[in-house]
Amino acid sequence: MSFETFSYRQLDAYQKAKEFVIYVYALLKQFPKEEQYALCDQLRRAVISIPSNIAEGMGRMSVKEQIHFIEIAFGSLNETMCQLELAYELNYISQEHLNTSEEFVKEITRMLSRLRRIRLDKLAASKMH
């Protein structure tokens, strides 16, 4: 299979979400050992869910299902940000790391919103025919 077979790989939202996963995983290395199976696990699951749901959604034939998975990715994005805010308040990450994370989240949110809008327009157009 070629790279083009997996069209989700070409989406900016997917690419940026993968960058965010790598960033968060790097942050997790500085968390205390006692958090490795608590907040760290939660953060790993939440952040990895963002690009995973984008990929899964784009693999669906139904536009409604694609939209559903984009919305799940939005939820995971918010969950990740919530957990990073807690990590900041617990002094596990710096204000700079929190700010960088917020920038990732804002950018991915814009990208997911555009992707969702495109799919909604496609859905509306299909109902007209």
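The values are calculated or read from the model by the stated rules, or taken from the named source; none is laboratory data. Everything quoted here is computed from the prediction, not taken from an experiment. For neighbour counting, all protein chains shown are included, and Cβ atoms are generated from backbone atoms with ideal geometry for every residue, glycine included. Note: accessible area is taken over every heavy atom of the protein model, side chains too, but ligands, DNA and RNA are not part of it. Shrake-Rupley method; radii C 1.70, N 1.55, O 1.52, S 1.80 Å.
Some points to look at:
- Treating each Cα of the chain as an identical point scatterer and summing with the Debye formula, the log10 of I(q)/I(0) at q = 0.11, 0.12 Å⁻¹ comes to -0.42, -0.49.
- Helix runs (DSSP H) in the chain reaching 20 Å along axis by Cα, Kyte-Doolittle at least 0.0: 12-28, 39-58, 63-89
- Rounded FRET efficiency, nearest 0.05, which uses the C-beta distance separating residue 103 from residue 36 and R0 of 25 Å: 0.45
- DSSP-loop chymotrypsin sites (Phe, Trp or Tyr not before Pro) across segment 3-63, with at most 14 other Cβ within 10 angstrom: 6, 37
- Share of carbon and sulfur in the accessible heavy-atom surface of the chain [1.4 Å probe, %]: 54
- Once you divide the Cα radius of gyration of segment 69-129 by 2.2 N^0.38 Å, the number left is 1.51.
- Size of charge dipole - segment 58-129 - debye, nearest 20, with Cβ of Lys, Arg +1 and Asp, Glu -1, no other charges: 760
- Selected from 48, 22, 70 as most flexible by GNM, with the chain as the system and alpha-carbon contacts under 10 Å: 22
- Solvent-accessible area per residue for the chain (1.4 angstrom probe, square angstrom): 59
- Remark on residue 93: its backbone amide H falls under 5 Å from those of 88, a criterion applied only to residues 5 or more positions apart or on other chains, H modelled at 1.01 Å from N.
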